[in-house]
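The values are calculated or read from the model by the stated rules, or taken from the named source; none is laboratory data. Worth saying up front: this structure is predicted, and the values here are computed from it rather than measured. In this analysis, Cβ positions are derived from the backbone assuming ideal geometry, glycine residues included, and neighbour counts consider all displayed protein chains. Note: accessible area is taken over every heavy atom of the protein model, side chains too, but ligands, DNA and RNA are not part of it. Shrake-Rupley method; radii C 1.70, N 1.55, O 1.52, S 1.80 Å.
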Amino acid sequence: MGINWKGKRRYIALLMLIASIAVFLIAPPVVPVVQLPGEVYPEGWKLFGVLSMPDTGLPMTNTMMGSIIVWVIIGLLTIYVATRRPSSGDEVPRGGFYNLFEMAFEGLYNFIGGIAAGPYQHEIFKVFMTIFLIVLLSNWLELIPSVDSIGFLEPHYEEIVDEETGEVIGEELTDGFETIEILSGVFHLNGKCEWISPEAATELTPEEQQARADRGCVTGTGVELPPPVLFEGADDHGDEAAHDEEQGAAESEEAAPEGEESAESAEEAVAGEAEHAEEEVHIPIHAVAAGDPNVPWVVLPYVRVPSTDLNLTIALAIIAVVWTQAIGFRALGIGYLGKFFNFKTIFTSPLGGIDVAVGLLELVGEFAKLLSFSFRLLGNIFAGSILLFVTSFVFPIIFPLPFFILEFFVGIIQAVVFGLLTAIFMNLATQSHDHDEHDDAHAH
Amino acid sequence: MESEALITLGKAIGAGLAMIGAAGGGVGIGLAVGGAVQAMGRNPDFTPTIQTNMILGVAFAEAVAIYALVVSLIILFVL
Amino acid sequence: MSPLESLGINGGYLAIQIIAFIVIYTLLSRFIYDPLAKALRERRERIAQGLEDAAAAESARKNAEAERDNILREARAEAAKIIDDARSRGEEVAAQIEAEARADADKLRADARAEASQQLEQQLAGLRGQVAQISVAMARQLINTEIDSKRQQALVSEFFSKVPAAAKGMSGKVEVVSAMPLDDKEKDQVRKQLGADEVTFIVDPSILGGLVVRGQDRVIDGSVRSGLSEMAASLN
């Protein structure tokens, strides 16, 4: 706080640049596995290696972890603002961030006041602001280096499903990468070496084997691999972490000791291996030591942007649409339904039939809103986060910066659009058609 | 293995084709914003009203593009 | 896998997100939105009030300025008047003082002149006796006769104050020039003989003796000097 950063920031930037080059040389980035649903944390994971999560039936996912981070940030913000808020009549400046928050708050308050003036203005603003905060913070999580890139080191396998019975009959090791241990217990994926199975390795030509060996690979070089290292129950092996420095800007290395397997799961896996050993190439994945070259590895990020999970976007869309109907009913009473079931003019007007059809279309539109709200946000942010790590993979130094700036603004715009559309729909719901024209005539 | 690769190929092509629909949304948004900016240039006093309606229109136009995105996501991840 | 599952949609997560939204909404409403909106409203009202007050103060200030200008103008006019008064009075006083000073100076000068002429007359009066004695002594030498003092006195008196015959019975203002200052008795006598209304006596030793009487229109010269010059002319 007391340090005068003026003029020193350039050195920080320079240091970051050097650090990013160093990290790029040590641990070149690897394209992560793209998957729409949130990745499920491995069983038996612990927070900071200590806190174990109660078994709720809902497995923890990394998008959920992102949401939890957003909630914590909002909680801290609430505490900060609530403790700093001036008492009535007191106009002492409260410090830079508080003033910034208040300025943004006042600006948005007046903005919504201009769109939805009336008795429901305050409530509409509150819904708008809450949606705005949650969506904005969720979107901006993608800008934080290490989100989407630091996570559990997982052996990559796919379940083999029996086509007739639909039962899982085994696990198949698939695409993944070899790992390099850069610190004790900290691994990063070796982007130059795709893992290949021993069978596939036998089909390689000597030239190809030599090429792989030149790149520092272990598998597929004709070298006899040591047998898989299986965990012992008491063994302290839990430190599984992979570094996939996606971001060009350097980020402090973080070795998070998470993902400790219990002895039971290891034993179960060993038992499982015995059962399926003859039918399939099956290695008991939870029992393999981290970084073992016998299996392909992928990174399961600790945190993923929650806006890329449909659960958040659909939840927000449901809230926006349901709340809109609630405000409509409160403002217009049962007459609100007349908007959708418009039979008033069916016999009096030659276009009465069209009015009925329009009303029904509005009803369908309410459900379409659910879809468009949720997929607009998801589509923008999902595409954005893919854009960010693809640019980081292509060339991680300096090159991704413009895209980070772009995503910064996309985050704001999507948050504003989500909240603003909600506010507009709510404002429309509070106005009946008849009153609308009447008010217009009155105002002019 | 062959059939799986074919399925992946089909999914990719299908998803790509589905996203052509997004072009319509893009054109619509461009028209809406262009019209709104012209209107605001001619009549700056009504900027807030125009802006609100523009955002509404853009949202509806974007919805079409999003339907395309949904179809493409379903092709890729659900089918 | 159902389509919803492959899109990652899960009722549990949805419920958690919705509940979280409601909780966040409630907390933010309670601790941020409501108080802050209230504070903003109050501040806006206070600013409006302040602006109103400022407008009132502004008009009051304008009034005060006008009043101040008025007062200043009046004061300035009064000051100018006072200065004018003072200047005119000062000039009057100065003129008075000057006049007094001039009068004093005139008086002093007149006094000094009178004193000077008086002194001159006194000296001449002193001289007159000596001149008379000298001339009597010279005449005794010439005629060898005794002249008693009374006779001598009459001679002298006659010498100096003999009014010419032609001058008797003159009227109006008359100037009488004598060689020596005449005493009061002689003056009375001259006046009586002349019979004039106003007689001014002037001393001019250059006429030596006798009297020159200057009337308004003529001069009768009965001076010794003219007699001597006549004598000299007849001698030549």
Task: Boolean, A:LEU300 is open to solvent by 30 Å² or more (accessible area, probe 1.4 Å) and away from every other protein chain (no Cβ under 14 Å) - done: no
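Each row is one residue, and each column tells you yes or no for (1) surrounded by 19 or more Cβ atoms within 10 Å (Cβ to Cβ); (2) within 14 Å of another protein chain (Cβ to nearest Cβ); (3) out of contact with any strand residue (DSSP E or B) (no Cβ under 6 Å at 6 or more places or on another chain); (4) among the aromatic types (Phe, Trp, Tyr).
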{"residue": "A:ARG330", "(1), (2), (3), (4)": "no, no, yes, no"}
{"residue": "A:GLY333", "(1), (2), (3), (4)": "no, no, yes, no"}
{"residue": "A:PHE341", "(1), (2), (3), (4)": "no, no, yes, yes"}
{"residue": "A:LEU360", "(1), (2), (3), (4)": "no, no, yes, no"}
{"residue": "A:SER372", "(1), (2), (3), (4)": "yes, yes, yes, no"}
{"residue": "A:ILE386", "(1), (2), (3), (4)": "no, yes, yes, no"}
Open item on the list: Can you pull out every residue in the range B:51-79 that is buried (at least 17 other Cβ atoms within 10 Å of the Cβ), in contact with a Lys or Arg (Cβ under 7 Å, 6 or more places away or on another chain) and more than 7 Å from chain A (Cβ to nearest Cβ)?
Closed with: B:ILE75, B:LEU76
- [ ] Please identify the pairs in which a residue from the range A:99-127 that is more than 18 Å from A:VAL416 (Cβ to Cβ) has its Cβ atom under 7 Å from the Cβ atom of a residue that is polar (S, T, N, Q) and crowded, with 19+ Cβ neighbours inside 10 Å, counting only partners at least 6 apart or on another chain.
- [x] A:GLY118/A:THR430; A:TYR120/A:THR430
TODO: Six or more apart or on different chains, Cβ under 7 Å: which pairs go from a residue in the range C:179-200 that's under 19 Å from C:SER223 (Cα atoms) to one that's basic (Lys, Arg)? Could you list them?
DONE: C:MET180/C:ARG128; C:GLN193/C:LYS168; C:LEU194/C:LYS168; C:VAL199/C:ARG191
Open item on the list: Please pick out the residue among A:THR56, A:THR130 that is under 23 Å from A:VAL303 (Cα atoms), under 22 Å from the mean Cα position of the chain (by Cα), modelled with pLDDT under 90 and not in a strand (DSSP E or B).
Closed with: A:THR56
Open item on the list: Condition first: charged (D, E, K, R) and at pLDDT 90 or above. Can you find one or more residues in the range C:132-149 that meet it?
Closed with: no
TODO: Please determine, by comparing only the residues of the range C:1-42 that are buried (at least 17 other Cβ atoms within 10 Å of the Cβ) and not in a helix (DSSP H, G or I), which one is nearest to the other protein chains (Cβ to nearest Cβ).
DONE: C:GLY8
Open item on the list: I want to confirm something. Restricting to the range A:115-148 and keeping residues that are among the polar types (S, T, N, Q) and crowded, with 24+ Cβ neighbours inside 10 Å, which single residue is farthest from the other protein chains (Cβ to nearest Cβ)?
Closed with: A:ASN139
- [ ] Pull up the range C:43-64, narrow it to residues that are hydrophobic (A, V, I, L, M, F, W, C) and within 30 Å of A:ASN110 (Cα to Cα), then point me to the one that is most open to solvent (accessible area, probe 1.4 Å).
- [x] C:LEU51
